[in-house]
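Let me begin by presenting the structure, written as structure tokens, before commenting on it.
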Amino acid sequence: MTHLGRTVSILGVTGSVGQSTIQVIEELRGQGADIPVEAITAGRNLGGLAEACRRLRPKFAAVSDPALLTAAREALNGLGVEVGAGPAALEEAGARPSDWVMSAIVGAAGLAPTMAAVRRGAMVALANKECLVCAGPLFIEAANAHGATLLPVDSEHNAIFQVLTHRDRVEKLTLTASGGPFRTTSLETMAWATPAQACAHPRWSMGRKISVDSATLMNKGLELIEAAYLFGFPSEKIDVIVHPESTVHSFVHYVDGSVLAQLASPDMRIPIAYALAWPDRATVSTARLDLSQVGSLTFETPDAARFPALNLCRAALLTGSAATTALSAANEVAVDAFLESRIRFLDICRIVEEAMNSLEGSDAGLIAKTPSSFADVAAVDQAARVAAQRIAVSLAAA
Ligand SMILES: NC(=O)c1ccc[n+]([C@@H]2O[C@H](COP(=O)([O-])OP(=O)(O)OC[C@H]3O[C@@H](n4cnc5c(N)ncnc54)[C@H](OP(=O)(O)O)[C@@H]3O)[C@@H](O)[C@H]2O)c1
């Protein structure tokens, strides 16, 4: 039996990671663990939020859209929960006194609520990779200043965290990538890919934005940036390798030639449970890895010609943290446009690249400077969104 007694909050409870987090909590509660829930949040999904309230019994629930306050109060009526709406309510969810906060809002929208948890020195289970890609150095600085514990939940970073025994004896990290749904698809076919095809990930069931990011390999590029900021390694010390079985979740190479890896079935409940029980481990009923069933593990070099996102991310990381902010924002705009069928699949990376080029050539080198505040980060994010939107509109009209 797991003895937790940890108060938790879940930012993004209605999403894929949020739902897996509920499952882990319910399973551990079923074993007798005491896991009170302080706060939960959603974007606009009131039905999903009400269902989460019934299952978790939180004290506070918030939605991102302020216009939904009345509707949210009605949807949650009788569930004994205080209700909030809008950006301040999301931040309140992060700021409320819980020991452990799951950061699982998608995109840069997750930054402010997660920072509210960081600022009070909470244990932050970080699924949202955009927090680090968008504001890496400032985010890490704040976590250190406030004594927050960052527990990576992205499966690759969680794997590295689990085997990073001698940080100063590391030669390099290797992030594994499934290769996504278009691993073996020709560029000609990828050009006509639909949102449904791009979201049909062969191994993981995830939200639509990260699914599209996996199809472009932008997800792996964002993870490269995330790893660089989180673990403090330069781009040249982080490799990416395609591993279609998604069984090895990353490698750490040490100076004596040893290579440590974490293996598991591709199931987000595993890194979530790890983060929830850390530094202990919890018993969860995830599929056990049967290597005789897996048979063989294969590895391939990513194809930079079909998947330019990786190099875009490396270039941004080398330019600096404003560039990674801009890249992430431009990608969010491009993915939205693709999911709404306004642009084609290959336009996603084109928009990101052109937005970066346009920002490099304007705004007195806005992305060459290192943001010194979250207000600076927001300004770069906004400039990149405007540039990406302009390019997306021109591509849609072409
Ligand atoms: N899914 C995975 O397996 C996985 C693995 C590793 C890392 N991650 C990372 O974890 C994060 C969440 O991924 P996901 O797949 O769980 O995404 P998802 O299924 O799309 O869920 C996103 C969550 O964020 C909420 N949300 C959306 N827009 C919002 C906004 N503007 N303000 C506040 N909340 C908002 C959604 O609420 P509504 O439901 O109301 O829209 C939902 O609760 C992403 O950063 C992703 O990269 C995911």
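The figures follow:
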quantity	calculated
Relative contact order computed over segment 320-398 (Cα-Cα under 8 Å; 6+ residues apart), in percent	47 percent
Along principal axes, Cα extents of segment 292-368, largest first, whole Å	57, 32, 19
For the chain: relative contact order, % (alpha-carbon pairs under 8 angstrom, 6 or more apart)	14 percent
Inter-part distance where segment 78-118 and segment 240-317 are each reduced to a Cα centre, Å	29 Å
Pairwise label distance in nanometres, Leu297 with Asn144, each label 7 Å out on the Cα-Cβ vector	3.2 nm
Rg/Rh ratio calculated on Cα atoms of the chain (Kirkwood radius)	0.95
log10 of Debye I(q)/I(0), alpha-carbon scatterers only, for segment 53-182 at 0.09 Å⁻¹	-0.33
Gaussian network model of the chain, Cα within-10 Å springs - most flexible of Asp256, Asp347, Asp34	Asp256
Residues of type lysines that Lys209 reaches as a straight line, Cα spacing below 23 Å, ignoring anything fewer than 8 places off in the same chain	Lys129, Lys220
Principal axis box of segment 254-398, alpha-carbon based, largest edge first, Å	53, 37, 33
The chain - share of DSSP beta bridges that are antiparallel (%, nearest 5)	25 percent
Axial C-alpha extent at least 24 Å, average Kyte-Doolittle at least 0.0 - helices from the chain (DSSP)	321-339, 374-397
Where labels lie 7 Å past Cα in the beta-carbon direction, separation of Ala396 and Arg73 in nm	3.5 nm
For segment 154-306, Kirkwood radius (reciprocal of mean inverse C-alpha pair distance, Å)	16.4 Å
Relative contact order (%) - criterion: Cα under 8 Å, at least six apart; region: segment 8-153	22 percent
Farthest positive-ward along the chain dipole, Cα basis, beta-carbon charges - from Ala148, Ala42, Ser328	Ala42
Segment 208-222 and segment 327-398: distance between their alpha carbon centers, rounded to Å	16 Å
Modelled FRET efficiency - R0 25 Å, Asn357 with Arg306, Cβ distances, 0.05 increments	0.75
Gaussian network model of the chain, Cα within-10 Å springs - most flexible of Arg169, Arg342, Arg57	Arg169
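The numbers here are math on the coordinates, done by the rules we state, and not lab data. Values in this document were obtained by computation on a predicted structure and should not be read as measured data. Because the Cβ atoms are built from the backbone with ideal geometry, glycine has one as well, and the counts that use them run over all protein chains shown.
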